[in-house]
Amino acid sequence: MYATDDENLVIVSYKDDATAFDGLKKGTITGKGVVNNRMSNRIMQMLEENGVPTHFVKELSERETLVKKVSIVPLEVIIRNISAGSFAKRFGVEEGIDFAEPTIEFSYKNDDLHDPLMNSYHALALGLATKEEINTIKSMAFKINEVMKAYFLTLGVKLVDFKLEFGRLADGTIVLADEISPDTCRFWDAETNEKLDKDRFRRDLGNVEGAYAEMQKRVFGE
Ligand code: UDP
């Protein structure tokens with residue numbers, strides 16, 4: 001992140017660095033910064049058109065974007081449509097169960113504590129957000145899911161689950177922040193269930209760059 005002359009705006013610069021498992025696994029995914037920047041911007045603009053306020057202002061280059069400065073609500077908001085990852089592990093079920101209704105969960109963004117799972121009452125008790133803010137975040141997250149799920153299906157991609165982060169503008173308005181990309185979403189090919197996201201890096205599945213390139217191709221047709 002870089003400051004600008006305007007105290008309300010900052011520049012995000014996307015790198016190719018990749019981490020997983022709380023930073024224990026480190027690597028580089030060549031070209032990832034470009035894919036994530038462009039994809040995140042495309043989705044944020046689509047969400048804006050659908051009435052969801054975001055931090056997005058302007059794409060400056062392949063890797064740089066001007067965004068509104070926010071103070072981040074220290075919650076990772078996770079929406080799931082299909083069982084995978086920590087959900088499958090925690091509840092002892094296989095990956096790939098299609099849920100009748102999406103689920104929502106929160107993690108406390110705190111590296112020392114390894115981002116523990118929490119519910120909205122815990123967030124309220126710790127003063128991480130107000131009741132109104134939590135309600136806004138929940139309804140925005142489900143709305144984002146509906147828009148994204150439908151969009152990715154048109155690209156032949158199942159939106160399995162994803163993580164969102166929200167921030168407060170100077171006037172207190174809650175907006176979607178951070179990024180939406182193969183780093184933060186699980187994408188499975190709708191026909192074959194092939195993984196097209198960061199799980200290829202996390203699980204050493206190979207063809208990591210290929211998965212990011214494939215998602216770029218589906219979104220931008222190139
Ligand atoms: N996720 C993320 N950052 C995190 C944790 C999770 O972007 O620090 C995303 C992850 O890519 C997936 C979803 O949130 O799309 C749910 O992740 P899960 O809880 O299953 O954790 P994981 O199995 O990745 O540890």
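If I build a Gaussian network model for the chain, linking alpha-carbon pairs within less than 10 angstrom, which residue out of Asp199, Asp17, Asp171 has the largest mean-square fluctuation?
Asp171
Modelling each spin label as a point 7 Å along the Cα-to-Cβ direction, I'd like the Glu94/Ser61 distance in nm, to one decimal.
4.8
Among Leu128, Leu113, Leu155, determine the one that fluctuates most according to a GNM of the chain built with springs between C-alpha atoms less than 10 Å apart.
With Cα springs under 10 Å in the chain, the top fluctuation among Leu128, Leu113, Leu155 is at Leu113.
Averaging sequence separations of C-alpha pairs under 8 Å and six or more residues apart, then dividing by the length of the chain, give the relative contact order as a whole percent.
20
Quick check: Cα centre of the stretch 1-58 to Cα centre of the stretch 128-193, how many Å?
Spelled out, the Cα-based centre of one part sits 14 Å from the other.
When the expected Rg is taken as 2.2 N^0.38 Å, what fraction or multiple of it is the alpha-carbon Rg of the stretch 48-96?
So the Cα radius of gyration is 1.74 times the expected 2.2 N^0.38 Å.
Can you list which of the trypsin sites (Lys or Arg not before Pro) found in the stretch 11-43 are DSSP loop residues with at most 16 other C-beta atoms within 10 Å?
When the trypsin sites (Lys or Arg not before Pro) of the stretch 11-43 are filtered for loop state and at most 16 Cβ neighbours within 10 Å, Lys15 remain.
Just to confirm a number: summing +1 for Lys and Arg and -1 for Asp and Glu over residues other than Ser107 whose beta-carbon lies under 15 angstrom from that of Ser107, what do you get?
Overall, the nearby charge balance is -3.
Heavy-atom accessible area per residue, the stretch 1-98, 1.4 Å probe: how many Å²?
53
Can you tell me which of Ala211, Ala125, Ala170 moves the most in a GNM of the chain? Springs connect C-alpha atoms under 10 Å apart.
Fluctuation is largest for Ala125.
Tally up the carbon and sulfur contribution to the accessible surface of the stretch 1-128 as a whole percent, 1.4 Å probe, everything protein left in place.
Roughly 51 percent, rounded to a whole number.
The values are calculated or read from the model by the stated rules, or taken from the named source; none is laboratory data. Quick caveat, the model's predicted, so the values are computed rather than measured. FYI the Cβ positions are ideal-geometry reconstructions off the backbone, even for glycines, and counts take in every protein chain you see. Only protein heavy atoms, including side chains, enter the accessible area calculation; ligands, DNA and RNA are left aside. Shrake-Rupley method; radii C 1.70, N 1.55, O 1.52, S 1.80 Å.
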